[in-house]
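The values are calculated or read from the model by the stated rules, or taken from the named source; none is laboratory data. All figures in this text were calculated on a predicted structure; none of them were measured in a lab. All Cβ positions, even for glycine, are placed from backbone atoms using ideal geometry, and neighbour counts span all protein chains on display. Ligands, DNA and RNA are stripped out before the accessible areas are found, and what is left, the full protein with its side chains, is counted by its heavy atoms. Shrake-Rupley method; radii C 1.70, N 1.55, O 1.52, S 1.80 Å.
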Amino acid sequence: MCIGKVKNRGLVAAALLGVGLRGRLFAAALPVLIAVYLLFHLRLLGAGDGKTMAVIAGYLGLERGLGAIVVGMAIGAAWALLRLRRPGCAGERFQCLRSYVHEWVTGGGLTMYCDPAQLPSDATIPLAACLALGTYLYLFADSMAMMRGGIF
């Protein structure tokens, strides 16, 4: 088992289960999948993370799914900022950003933003875990709001 890698088998199983349970409502995954594919193509997001976002939107619907994804991304951003405190990490990241922008501006095309294989293992975050936690927190807050509103 590879920690930090989202397996396609699991995502395909989740998508099939989503289609079975939600039918055409699972189509909310499509616009998210298109958007994250663009981010993947720009090498700004991993493929597994993007597919995980699409599955979240498929299960929760577009509006609630995007809310859960935003919470998960905020958790990931906070975790990434904490990682920048590691000595030398901020410099490595800004060097990656500078190289990426320079390559793009000079017409070299889009390259990989930062090769994860060249970074220390503690320099990256498990975005799928952040998305899962964000989805849980979003649903928890949503259910608390419904209980306060008298829906339950």
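Only residues that are surrounded by fewer than 15 Cβ atoms within 10 Å (Cβ to Cβ), small (Gly, Ala, Ser), modelled with pLDDT under 85 and under 29 Å from Gly65 (Cα atoms) were counted across the range 97-152, and they come to 2.
Looking across the range 23-79, the residues that are among the β-branched types (Val, Ile, Thr) and surrounded by 17 or more Cβ atoms within 10 Å (Cβ to Cβ) come down to Val32, Val36, Thr52, Val55, Ile56, Ile69, Val71, Ile75. When Lys51 is tested against (1) within 30 Å of Val101 (Cα to Cα); (2) free of Cβ contacts under 8 Å to residues at least 12 places away in the same chain; (3) not β-branched (Val, Ile, Thr), only condition (2) is not met.
For residues in the range 8-22 being open to solvent by less than 70 Å² (accessible area, probe 1.4 Å) and without any contact (Cβ under 8 Å) to a residue 40 or more places away in the chain, which is nearest to Ala128 (Cα to Cα)? Reasoning before the result, please.
Step one: filter the range 8-22 for residues open to solvent by less than 70 Å² (accessible area, probe 1.4 Å), giving 10-11, 13-15, 18, 20.
So of that shortlist, the ones also without any contact (Cβ under 8 Å) to a residue 40 or more places away in the chain come out as 10, 13, 20.
Details: Gly10: 12, Ala13: 16, Gly20: 23 Å.
Filtering the range 8-22 for residues that are open to solvent by less than 70 Å² (accessible area, probe 1.4 Å) and without any contact (Cβ under 8 Å) to a residue 40 or more places away in the chain, the one nearest to Ala128 (Cα to Cα) comes out as Gly10.
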